[in-house]
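Asks: Please find one structure pasted underneath; my questions will follow.
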Amino acid sequence: MSSWTRGSLAALAASALLFAGPAGCGRKAGHGQGDEKPAEPVGKLLDHTDEEGRRYREVDRKIAPEVRVEVRPGSGGDWNVRLAVRRFRFSPAGTPARATAGRGLAQLLVDGRLVVRLRAPEYRLAGRLVPHGTHHVTVRLHADDGTVWAVAGDPVQSTADITAAPQDQGVSSPAVSSKRSGAAGRRASPARRGKA
């Protein structure tokens, strides 16, 4: 045989092994790999999207995560943001991008603009992001794949209205929130200043 023919036959044989290889490496019950089930999709993807184009992921109210946000004046004109979550755990950085029930991160928005993605229930909001006047501080829960947790077509979120006084008037004070609190459907009571 010529070298061209031997090389062609070797390449043909290698190609045949590549195509046959995966077929022979399937999951088998005796090898420990076949016992794992792929993660089932959580919820139902809706056509609704948020401001960034992220789709809503609808889940039943009984298992849906909930969030409440409280914003209080901090030192130096900053604001202390605290989240209270239910049926939800914050995922650490580097978590695979897939939706897992009750897990993910929160997005903090001021007047509809994304400020930060949170992986913990507390955050110090810089005063420069909240100039003089009344502002809406919203926290929205997302799955790790970036979709927005939703119930009955509404995002799972909570909004607190805060009022920042001019710097020369001293400490800013939170205002009463009257925004809907996402999946929980609660409204803030007047006794809860800066909470939702």
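The values are calculated or read from the model by the stated rules, or taken from the named source; none is laboratory data. Note that the structure is a prediction, hence the values are computed from the model and not measured. Positions of Cβ are backbone-derived with ideal geometry, glycine not excepted, and every protein chain shown enters the neighbour counts. Keep in mind that these areas ignore ligands, DNA and RNA; they rest on the heavy atoms of the full protein, side chains included. Shrake-Rupley method; radii C 1.70, N 1.55, O 1.52, S 1.80 Å.
Asks: Cβ-Cβ distance below 7 Å, separation of 6 or more or different chains: which pairs start in the range 122-147 with a residue that is free of Cβ contacts under 8 Å to residues at least 40 places away in the same chain and on the phi < 0 side of the Ramachandran plot and end on one that is among the aliphatic types (A, V, I, L, M) and open to solvent by 20 Å² or more (accessible area, probe 1.4 Å)?
Replies: These pairs meet every condition: L129/V115; H132/A165.
Asks: Still on this structure, please answer the following. Look through E66, E58, E52 and report the one residue that is open to solvent by 80 Å² or more (accessible area, probe 1.4 Å), over 23 Å from P166 (Cα atoms) and not aromatic (F, W, Y).
Replies: Working: E66 fails: open to solvent by 80 Å² or more (accessible area, probe 1.4 Å); E58 fails: open to solvent by 80 Å² or more (accessible area, probe 1.4 Å).
On inspection, the qualifying residue turns out to be E52.
Asks: Look through the range 73-120, keep the residues that are within 10 Å of the chain's Cα centre (by Cα), in contact (Cβ under 8 Å) with a residue 40 or more places away in the chain and open to solvent by less than 30 Å² (accessible area, probe 1.4 Å), and return whichever of them is farthest from V59 (Cα to Cα).
Replies: S91
Asks: Could you list, in sequence order, the residues of the range 127-137 that are surrounded by fewer than 13 Cβ atoms within 10 Å (Cβ to Cβ) and either among the aliphatic types (A, V, I, L, M) or part of a strand (DSSP E or B) (or both)?
Replies: The answer is G133, T134.
Asks: While we're here: Could you please give the count of residues in the range 143-161 that are over 17 Å from L83 (Cβ atoms) and surrounded by 24 or more Cβ atoms within 10 Å (Cβ to Cβ)?
Replies: Selection size over the range 143-161: 1.
Asks: Next question, about the same structure. Return yes or no: is A23 of a type outside the set (S, T, Y), farther than 22 Å from L105 by Cβ and modelled with pLDDT under 95? Explain how you work it out, then say what you get.
Replies: Details: of a type outside the set (S, T, Y): yes; farther than 22 Å from L105 by Cβ: yes; modelled with pLDDT under 95: yes.
When the stated conditions are applied, A23 passes them.
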